[in-house]
Amino acid sequence: MHTFITAEIGINHNGDLNLAKKLIDSAVVAGCDAVKFQKRTVDKVYTQEYLSQSRTSPWGNTQRAQKEGLEFGKKEYDEIDAYCREKGVEWYASAWDIDSQKFLQQYSCKYNKVASAMLTNEELLEEIAKEGKYTYIATGMSTFEEIDRAVEIFKKYQCPYELMHCNSTYPMPIEDANLKIIKVLSEKYQCKVGYSGHEEGTLVSTCAVAAGATSIERHITIDKTMYGSDQKASIEPYELCRLVKDIRETEKIMGTGKKMLSAAEEEVKRKLRG
């Protein structure tokens, strides 16, 4: 049993490539399997009316300035691609529009990701599924009927996928975790089911592994007090190290499910039963 652990950098790099590299370094030190980013074409994802609204940010006083300030382009992703290869860690990204997915196709990423917000965007799902790459599908905010339709698309293209249980609140109250749904999803869809978490701390994510999650994705940050809507629902480097350690130990604790006596227990049995 090996839980696939992704450190979700997302937009917590705040448009700073050096900060993105520090976050990649944190994921590597902790022992994560991959890092993940988010890619948007601002004018495709948001309306012009929304982009013209006021918003104070380090990049200006409109929603457009904030959204564009958080986006990396080809130059930055070329560096991220090279840096991750140098560090020996996989990277991939969740695209929020078709142009962004096509942009990501120029890189040899092993994985794709469907963000919860995009689960009902069937045109985007078709574009992703046609690639045939192993895809993590987050199910936050979704009904079974909506998940059914997404799964149908990936089956149509024979694209391998893994669902991810998710509650799309930032941060998520722990009483909303509902980890028992992991088994329900696994049995209903006959596939692997991971967990994408937005809670504070690491306990829920570790419990998710004990509940059967085959992958874990968590937002990471250098400092939760930094600017950004995802920072508070993220974990810092020391928490990420603890999470990976706890997950690996949980894998050992859960065992195989087979009834068997260890050599040490056999020795105790001889002493106590004669």
Could you estimate the translational diffusion coefficient of region 53-94 from the Stokes-Einstein equation, with Rh from the Kirkwood formula over C-alpha pairs, at 25 °C and 0.890 mPa s, in whole µm²/s? 204 µm²/s
Build a GNM of the chain with springs between Cα atoms under 10 Å: which of 50, 92, 134 gets the top mean-square fluctuation? 50
Quick check: with the 1.4 Å probe, what order do 96, 59, 91 take by accessible area, largest first? 59, 96, 91
For a quick check of understanding: with a 1.4 angstrom probe and all protein chains in place, what accessible area in square angstrom does residue 260 have, to the nearest ten? 130 Å²
Relative to 2.2 N^0.38 Å, what does the C-alpha radius of gyration of region 88-190 come to as a ratio? Two decimals please. 1.08
Tell me, what is the per residue accessible area of the chain in Å², probe radius 1.4 Å? 49 Å²
Of every hundred units of 1.4 Å-probe accessible area on the chain, the number belonging to carbon and sulfur atoms, as a percent, is 51 percent
Let me know the shape class of region 142-274, please: from the alpha-carbon gyration tensor, a ≥ b ≥ c as square roots of the eigenvalues, rounded when a/c is under 1.5, otherwise prolate if a/b is greater than b/c, or oblate. oblate
Alpha-carbon radius of gyration plus Dmax, which is the widest Cα pair, for the chain in Å: 20.2, 82
Among the aspartates and glutamates, which have Cα under 16 Å from the Cα of residue 155 when same-chain residues fewer than 8 positions away are ignored? 122, 123, 126, 127, 131, 145, 146
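The values are calculated or read from the model by the stated rules, or taken from the named source; none is laboratory data. In this text, all values refer to a predicted model and were calculated from it rather than measured experimentally. Remember, those area values only see protein heavy atoms, side chains included, never the ligands or the DNA or RNA. Shrake-Rupley method; radii C 1.70, N 1.55, O 1.52, S 1.80 Å.
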